[in-house]
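J.: What follows is a structure written as structure tokens; I'll ask about it next.
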Amino acid sequence: MRDRGIDVLVIFSAPGSIRFGQRGHVLYVSGYEPYFGNTMVVLPCDENLSPLLEIDAADYLPPECTWIENVKSAGDHVKTLKNYLRETKLEKSRIGVVGEYSISPSLYARMLREFGRYQIEVASDILEDARAVKSEYEIKCVKAASQIAKKGIEAAAKFARPGVLESEIVGEIERVCRIAGSQGFPHHTMVASGKDQKHLGWWWYCGTRKLKHGDPWLLDFGTMYNGYCCDIARPFSLGGPSRRQRDVFEVLVQAQEAAQKTSREGVLASEVDKAASDVLREVWKDKDWWGIGHGVGLEVHEWPFIGYQRILDDAAYRDRRLKANMVISIEPARYFPDVGELQIEDQFRVTKTGCERLNDIPKEIVQS
């Protein structure tokens, strides 16, 4: 904030979403997680001034969840901010807005009218950069989530059999993971079976298909521990994988390992993406590969994004250099009509000299 000349950060978060929705900004700063509607933290640069937390419309706050003492019930965010700035004599301050995905265009337009467009700037990158580099505690939580997910994979392998619905497998996975300590599931638990690309392409609606002997199927899901996510994918085979399935999966493993070997402090995210893509292109020359991974933390998809620099109208996806203790997901995938959809996904901790995997889930096609 000092480097940018910003006197006050106004941080917004909305309840969790399937993709990254900046749900974690307020949680990261205050310990309070939005449940119903927008939540706002006003964080001054002057450490002698107390921050303010305005909670959401659920109006439920366990005092132990936040270190912020000045807590207000849901109200008019603009009026709350104006009163805070007047009371702290910061009316002329430079305001950085964090969480522009979480606030409505009408609310942002009101802020511009009330404070003037020369007093306000979007400053989400300040928290995005801070959150991208994880503490030892955060990394421990991601590891714990991954251990829970491993139990879900093992349960799926035991439960899947001919005649079982995809939705029944989802239910069993989530049952076991809930009992093992998962607080939730940060995106749809994806169980997509068979080889029909039309069915697989709508994986978030999958659930009505019954598995058959010999079916390939894919599990892509995450669990949550103390608010932190993991994101894991493994292919399964009902009755044992074919030689062709093993060959395709081996290429995906090689691509992931190439990206892992490239990942270290100072390397551009696009270089990690290229390392995996080069392996895939060498084998399957007909594919324009990009977007091989993403950061993982309080959101299941967060900063840095690995290979999404083609999205030019959103700075969140910009190419950036990796830093030590970033946690990234690497997730190469491939569909073929004769083998279905195969994917491998794991989280890795970036270090100054390399990259370490944060789980011990076997890199194999799981036989069920």
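The values are calculated or read from the model by the stated rules, or taken from the named source; none is laboratory data. Predicted, not measured: the structure shown is a model, and the values here were computed from it. Please note: Cβ atoms are built from the backbone with ideal geometry, for glycine as well, and neighbour counts cover all protein chains shown.
J.: Within region 288-296, is even one residue in contact with a helix residue (DSSP H, G or I) (Cβ under 9 Å, 6 or more places away or on another chain), more than 27 Å from Y137 (Cβ to Cβ), in a loop (DSSP other than H, G, I, E, B) and small (G, A, S)?
T.: yes
J.: What number of residues within region 231-261 are outside any loop (DSSP other than H, G, I, E, B) and either outside the structural domain of P216 (by TED's automatic domain parsing) or touching a residue at least 60 places away in the same chain (Cβ under 8 Å) (or both)?
T.: Looking only at that region, the number is 19.
J.: If you take the residues in region 336-350 that are more than 22 Å from the chain's Cα centre (by Cα) and either outside the structural domain of E257 (by TED's automatic domain parsing) or not in a strand (DSSP E or B) (or both), which one is surrounded by the most Cβ atoms within 10 Å (Cβ to Cβ)?
T.: This residue is V339.
J.: Could you tell me which of the residues I120, I169 is touching a strand residue (DSSP E or B) at 6+ places or on another chain (Cβ under 6 Å) and more than 22 Å from V300 (Cβ to Cβ)?
T.: Testing whether each residue is touching a strand residue (DSSP E or B) at 6+ places or on another chain (Cβ under 6 Å) and more than 22 Å from V300 (Cβ to Cβ) leaves just I120.
J.: May I pose another question? Among residues belonging to region 323-335 that are within 16 Å of D273 (Cβ to Cβ) and of a type in the set (G, A, S), point out the one that is farthest from the chain's Cα centre (by Cα).
T.: A333
J.: Here's something else I'd like to know. Name the residue, out of E299, E250, E257, that is among the acidic types (D, E) and modelled with pLDDT under 95.
T.: The match here is E299.
J.: I need a count of the residues in region 97-129 that are surrounded by 13 or more Cβ atoms within 10 Å (Cβ to Cβ), assigned to a helix (DSSP H, G or I) and of a type in the set (A, V, I, L, M, F, W, C).
T.: Within region 97-129, residues that are surrounded by 13 or more Cβ atoms within 10 Å (Cβ to Cβ), assigned to a helix (DSSP H, G or I) and of a type in the set (A, V, I, L, M, F, W, C) number 6.
J.: Let me ask another. In region 205-217, which residue that is surrounded by 17 or more Cβ atoms within 10 Å (Cβ to Cβ) and charged (D, E, K, R) is nearest to V366 (Cα to Cα)?
T.: So, considering only residues that are surrounded by 17 or more Cβ atoms within 10 Å (Cβ to Cβ) and charged (D, E, K, R), the one nearest to V366 (Cα to Cα) is D215.
J.: Looking only at region 189-204, decide whether some residue is surrounded by fewer than 22 Cβ atoms within 10 Å (Cβ to Cβ), more than 25 Å from L358 (Cα to Cα), at pLDDT below 95 and under 19 Å from the mean Cα position of the chain (by Cα).
T.: Yes, that holds for at least one residue.
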